[in-house]
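Report on the structure given below.
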Amino acid sequence: MNILITNDDGINSPGIMKLAEAAKNFGNVFVVAPDGQRSCISHCFTYGRAITLRKVDFPVKDVEAYSCDGTPADAVRIAVTKLYENEIDYVFAGINDGYNISKDIQYSGTVAAAMEAVSFGIQAIAVSQGSYEFKGYADKYLVSIIDECIKKPLGKNKIWNINFPACAIEDCKGIMRDTNVSTDTFYDDGYSEKVIDEKTTEYSIITRRIWKAEKGSDLEAIIKNYISVGVVTNIG
């Protein structure tokens, strides 16, 4: 199997390296990822200018890697239509530094990269973790969970979405499978206001998460220190 790895945290993030290492258990691994941070960029892609692709040294052995100055969706589009045309069998996106659950999903560049893959008919998995501070999840769980997902091909416009909790691995209660995307109110958002002059005002977002969730949801899994494994459907 030929596997494309990408993310929204940038090609130098520790998460993408862990994901590439895990992916080597399943086939040939190729990396095409943004050259820097692209979090919360959602499904944006570049229009009206050229995208620069550069071959880079990657710290995982036998992995060919490129950085691009575009978005995660750009990385997937270029990889599957030009760089590795008709060669990619699966796309893994992540490991994102921060959850991609509930309302987070609509803003995520990591999830959008996986969604871009399925728009080309390619199976895809998005992987996220509450915080890189908590070590060991990728080493203990990632290969076995990916193996489960690969053995259960999804229908059109669907991706697997894996989220590791932000707790010490010894406090993790296990895996909650078949989670639904939470529809609970996840954010209590507002904006601070700063008047610059009579014509100009600056607004800065103030975000508070609400840790309360419906039963069986990805948010409930994370609140209770479970790994969440579920399916997300692309609206496209």
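None of the figures in this text is laboratory data; all of them are computed from the coordinates on show. Everything numeric in this text was worked out from a predicted model, so none of it was measured. Virtual Cβ from ideal backbone geometry, glycine too; neighbours counted across all protein chains shown.
Observations
- Dividing the mean sequence gap of close Cα pairs (under 8 Å, 6+ apart) by how many residues the chain holds gives a relative contact order of 18 percent.
- The range 71-169: relative contact order in percent, alpha carbon pairs under 8 Å with at least 6 residues between: 32 percent
- Taking only the C-alpha atoms of the chain, Rg followed by Dmax gives 17.9, 61 Å.
- The charge dipole of the range 86-208, taken about the Cα centre with unit charges on the Cβ atoms of Lys, Arg (+1) and Asp, Glu (-1), comes to about 480 debye, rounded to the nearest 20.
- Helix-only [θ]222 nm of the chain, DSSP H runs n ≥ 4, -39500 (n - 2.57) each, per residue, nearest 500: -5000 deg cm²/dmol
- The radius of gyration of the Cα set in the range 101-236, together with its Dmax, comes out at 17.4, 61 angstrom.
- Packing-based exposure ordering (other Cβ within 10 Å, fewest first) of Asp197, Asp178, Asp218: Asp197, Asp178, Asp218
- Proxy reagent accessibility, fewest Cβ within 10 Å first, across Ser228, Ser182, Ser131: Ser131, Ser182, Ser228
- Overall Cα dimensions of the range 1-107, principal axis frame, Å, largest first: 33, 31, 23
- DSSP bridge analysis restricted to the chain gives an antiparallel fraction near 40%, rounded to the nearest 5.
- Footprinting exposure proxy for Val127, Val60, Val118 (fewest neighbouring C-beta atoms within 10 Å first): Val60, Val118, Val127
- A straight Cα-to-Cα reach below 25 Å connects Lys173 with the lysines Lys18, Lys103, Lys135, Lys140, Lys151, Lys152, Lys212, Lys215, Lys224, residues fewer than 8 places away in its own chain not being considered.
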